[in-house]
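Shown next, in structure tokens, is the structure this report addresses.
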Amino acid sequence: MTEARRERSTEAFFGRRSGKALRPLQRSIRDELLPLLKLDLATPAPADLRSLFSAEVETVRLEIGFGGGEHLLHEAGRCPKSGFIGVEPFVNSMAKLVVDLHENPLLNIRLYDDDATQVLDWLPANSLDGIDLFYPDPWPKRKHWKRRFVSQKNLDRFARVLKSGSRFRFASDIDTYVNWTLQHCHAHGEFEWQAETSADWHTPYEAWPGTRYEQKAHREGRIGGYLTFLRL
């Protein structure tokens with residue numbers, strides 16, 4: 001048990017990893033399919049990330065914390081010439097996505113079920129065409145702000161793996177986290193906020209499918225902010 005905890009140690013993931021017990025069919029599909037889709041970080045990353053995918057892709061994007069997988073599946077279906085790496089440490093969310101892929105296979109998706117910083121450190125420099133971080137845990141209490149995924153260290157990681165001219169996109173319904181991200185990206189110096197009017201951050205991204213979390217936020221009266229930063 002101690003060894004298992006050591007192997008699962010993380011730098012930037014806090015909180016529960018699982019919720020309700022998986023149903024037998026969910027568990028069976030996950031156990032069968034996830035090993036086929038999961039990145040093997042024990043081997044060096046390929047110099048050309050396009051080789052990770054069964055489909056012939058031209059670009060590779062990363063989504064960190066895909067939750068229910070609504071956006072990841074939508075984008076992978078909408079953009080078949082792009083490869084997508086989805087990272088989600090929450091067991092139930094990963095199982096849901098894998099079941100969806102079992103029912104509607106997509107050849108341009110690879111997955112990882114642990115801390116996203118492990119993937120970021122594994123990836124080659126200048127290898128990604130985009131990073132998406134949508135509705136991450138806001139850690140609203142000030143004493144927990146250091147747990148927020150957006151930090152100078154993780155922005156260093158983003159800057160290393162993103163190609164010049166690619167985009168980091170961030171969405172949140174928590175004003176303090178939106179402001180936090182703006183301040184951190186401005187202080188970092190390698191990211192330029194792409195906004196001219198308030199509509200630019202109040203309007204969802206092109207072909208945005210919405211997420212279950214976002215719908216919950218709207219019901220509770222919170223409106224999302226959608227930020228886009230250019231990697232200089």
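The values are calculated or read from the model by the stated rules, or taken from the named source; none is laboratory data. None of these values were measured; they are calculated from a predicted model. Reconstructed Cβ throughout: ideal geometry from the backbone, glycine too, with neighbour counts over all protein chains shown. We work out accessible area using only protein heavy atoms, side chains counted, and drop any ligands, DNA or RNA first. Shrake-Rupley method; radii C 1.70, N 1.55, O 1.52, S 1.80 Å.
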For the stretch 125-232, percent of DSSP beta bridges that are antiparallel (nearest 5) comes out at 60 percent
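Just the number, please: carbon plus sulfur as a percent of the accessible area of the stretch 116-232, 1.4 Å probe, no ligands or DNA/RNA counted. Each step should come with its number before you reach the end.
Values: 2990 of 5900 Å².
Within the stretch 116-232, the accessible surface is 51 percent carbon and sulfur.
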Please identify the chymotrypsin sites (Phe, Trp or Tyr not before Pro) of the stretch 171-216 that satisfy two criteria: DSSP loop assignment and at most 10 other Cβ atoms within 10 Å. Which are they? none
When DSSP assigns beta bridges and you keep just the ones with both residues in the chain, what percent turn out antiparallel, to the nearest 5? 30 percent
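At 0.36 nm per residue, and after removing the present C-alpha to C-alpha distance, how many nm does the segment from residue 198 to residue 223 gain when stretched out fully?
Working: separation 25, 0.36 × 25 = 9.00 nm, distance 1.30 nm.
Here the answer is 7.7 nm.
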Site residue 163, offset 7 angstrom along Cα→Cβ, radius 19 Å on amide nitrogen, limited to the stretch 173-195, gives 191-192
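Could you put 85, 223 in order of accessible surface area, largest first, with the 1.4 Å probe and the full protein assembly present?
Numbers: 85 0, 223 110 Å².
Output order, biggest surface exposure first: 223, 85.
Which of rounded, prolate, oblate describes the stretch 130-171, given a ≥ b ≥ c as roots of the alpha-carbon gyration tensor eigenvalues and a/c under 1.5 marking rounded, otherwise prolate only if a/b is larger than b/c?
Working: a/c = 4.29, a/b = 1.87, b/c = 2.29.
It comes out oblate by the Cα gyration axes.
For residue 74 and residue 137, what does the FRET efficiency come to when R0 = 22 Å and r is the distance between their Cβ atoms, rounded to the nearest 0.05?
Details: r = 22 Å, r/R0 = 0.99.
That gives a FRET efficiency of 0.50.
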For residue 153, the lysines lying under 27 Å Cα to Cα, once residues fewer than eight places off in the same chain are dropped, come out as 38, 141, 143, 163
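Under 8 Å for C-alpha pairs, at least 6 residues apart: give me the relative contact order for the stretch 86-135, rounded to a whole percent. All intermediate terms of the calculation are to be shown ahead of the outcome.
On the way: 25 pairs, mean separation 23.4, N = 50.
Reported as a whole number, the value is 47 percent.
For residue 51 and residue 121, what is the calculated FRET efficiency with R₀ set at 25 Å and r taken between the beta-carbons, to the nearest 0.05? The partial results should precede the final answer.
Working: r = 19 Å, r/R0 = 0.78.
In this case the efficiency is close to 0.80.
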What spacing in nm lies between the two simple spin-label points modelled at residue 156 and residue 207, each 7 Å away from Cα in the Cβ direction? 3.6 nm
Tell me the accessible surface of residue 23 in square angstrom (1.4 angstrom probe, heavy atoms of protein chains only), to the nearest ten. 150 Å²
